[in-house]
Amino acid sequence: MGTPRSATAEASPNIALVKYWGNADDELRIPSNGSISMTLGGLSTVTRVTFEPDLGEDLLLIGGHPAHPPALDRVSRHLDLIRERGGVSARARVESNNNFPSGAGIASSASAFAALTLAALAAAGIESDTASLSRLARRGSGSACRSILGGYVEWQAGGTDAASFATQLAVADHWALVDLVAVVSRTPKPIGSTDGHRLAGTSPLQPARVADTPRRLALCRQAILQRDFEALAAVVELDSQMMHAVMMTSSPPLHYWQPSTLAILQAVADWRRAGAGVCATIDAGPNVHCLCAPGEASGIETRLRAVPGLEGVLTCPPGGAAHLLPDRAVSG
Ligand code: DP6
């Protein structure tokens, strides 16, 4: 490869409806349990990868600024997997932009590693099917394997590298849910998911959570396929609470909630009791994802905006799959 070769890709984050928490194999990111998500439309990461024979080392620019060494190191290790596959030795310039705040529970690593994987494979000239793409994205960030696909997505835990990848359960148009992300804080969280996964096994509650997951996955799958919002709300809220119970009982314990997080959880419960089609789920951060039944989002958004202490609300319908863009510069 004598001349620089580049490609640009776009991917969206996803919200887990049944959560991934804890790995059977940390190195390969093979999860302890399967998970289900909805890909989030309206939010995206755009990443351009250029393999440049003249570069001495990989470069990573996020929003136009050089990334911190740990982020660069994680991206370099992921690029190594792709270089190995494609027989590429050149280092890469990686330019990436998010249109949403990173590090605050809106799974920026999912869209980041989905876009990076797709762009890097294309720049290296490697053809890949969806399952292989998902498998490879998983190595960079577990939840990224779900962001390769659009709509409603299930990640089979699998138990081996080959068997652990995501597939689509239903297309985005299948069910017009809306995720209203109540942004409680834009400050990056103190303990990232990777360290959190390593602590999951220290909670005495994790074995019970993992053992019960096939049941929750079946309930969630069925609720999505039948477009049954009440059934979805019940399993989504149970699953989120079970993951946070594991986090809070790990050693050391992880507390991602802030006072406004709980205030919103309580408000959502009140609204649903009064008949509104809304439920709440929280990833590894303080923000609350309020899932709304079709037609309910604008009314819920008005109520959410009246809750004190919120920094904003993001509106996300089901989104599409990761895809290549015409190759172009990614502005900062
Ligand atoms: C709470 O995929 O961010 O959002 O593989 O270490 O990058 P890494 O972890 P990550 O974990 C996601 C955890 C979660 C639940 C979920 O998205 O399923």
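Tell me which residues, restricted to region 1-29, are assigned to a strand (DSSP E or B), open to solvent by less than 10 Å² (accessible area, probe 1.4 Å) and within 16 Å of the ligand (Cβ to nearest atom).
Scanning region 1-29 gives Ala11, Asn14, Ile15, Ala16, Leu17, Val18.
What is the residue count in region 61-80 for residues that are open to solvent by 10 Å² or more (accessible area, probe 1.4 Å) and within 16 Å of the ligand (Cβ to nearest atom)? First the steps, then the outcome.
Pass one, region 61-80, residues open to solvent by 10 Å² or more (accessible area, probe 1.4 Å): 61-77, 80.
In the following step, the residues that additionally are within 16 Å of the ligand (Cβ to nearest atom) were identified as 62, 67-68, 70-77.
So the count comes out to 11.
Looking at region 214-235, which of its residues are exposed (fewer than 15 other Cβ atoms within 10 Å of the Cβ) and of a type in the set (Lys, Arg)?
Arg215
Can you tell me which residues in region 269-307 are open to solvent by less than 20 Å² (accessible area, probe 1.4 Å), within 16 Å of the ligand (Cβ to nearest atom) and part of a loop (DSSP other than H, G, I, E, B)?
Ile282, Ala284, Gly285, Pro286, Asn287 - these are the residues of region 269-307 that are open to solvent by less than 20 Å² (accessible area, probe 1.4 Å), within 16 Å of the ligand (Cβ to nearest atom) and part of a loop (DSSP other than H, G, I, E, B).
If a residue must be within 13 Å of the ligand (Cβ to nearest atom), open to solvent by 10 Å² or more (accessible area, probe 1.4 Å) and touching a helix residue (DSSP H, G or I) at 6+ places or on another chain (Cβ under 6 Å), how many such residues does region 108-126 contain?
Residues flagged as within 13 Å of the ligand (Cβ to nearest atom), open to solvent by 10 Å² or more (accessible area, probe 1.4 Å) and touching a helix residue (DSSP H, G or I) at 6+ places or on another chain (Cβ under 6 Å) within region 108-126 amount to 1.
Would you check if Leu310 is part of a strand (DSSP E or B) and either under 30 Å from Val49 (Cα atoms) or at pLDDT below 95 (or both)? Break it down into steps so the answer makes sense when it comes.
Working: part of a strand (DSSP E or B): no; either under 30 Å from Val49 (Cα atoms) or at pLDDT below 95 (or both): yes.
Here the answer is no, as Leu310 does not meet what is asked.
With of a type in the set (A, V, I, L, M, F, W, C) and surrounded by 20 or more Cβ atoms within 10 Å (Cβ to Cβ) as the only criterion, which of Ala166, Ala162 stands out?
Matching residue, one of Ala166, Ala162: Ala166.
With the requirement that a residue be in contact (Cβ under 8 Å) with a residue 40 or more places away in the chain and surrounded by fewer than 24 Cβ atoms within 10 Å (Cβ to Cβ), what does region 131-146 give you?
Hits for region 131-146 are Leu133, Arg139.
Take residues that are within 12 Å of the ligand (Cβ to nearest atom) and tell me which of the strands (runs of 3 or more DSSP E) falling wholly in region 127-229 contain 3 or more. Show your work before the answer.
Details: elements: 152-155, 166-170, 178-183.
Because the criterion is at least 3 residues that are within 12 Å of the ligand (Cβ to nearest atom), the strands (runs of 3 or more DSSP E) in region 127-229 that meet it are 152-155.
Please pick out the residue among Leu238, Leu254 that is open to solvent by less than 20 Å² (accessible area, probe 1.4 Å) and either closer than 23 Å to Arg272 by Cβ or of a type outside the set (Lys, Arg) (or both). Steps first, please.
Details: Leu238 fails: open to solvent by less than 20 Å² (accessible area, probe 1.4 Å).
The match here is Leu254.
Please enumerate the residues belonging to region 55-80 that are assigned to a loop (DSSP other than H, G, I, E, B) and modelled with pLDDT under 95.
Hits for region 55-80 are Gly63, Gly64, Ala67, His68.
The values are calculated or read from the model by the stated rules, or taken from the named source; none is laboratory data. All values reported here derive from a predicted model rather than from experimental measurement. Please note: Cβ atoms are built from the backbone with ideal geometry, for glycine as well, and neighbour counts cover all protein chains shown. Areas reflect the complete protein model, heavy atoms only, side chains present, ligands, DNA and RNA absent. Shrake-Rupley method; radii C 1.70, N 1.55, O 1.52, S 1.80 Å.
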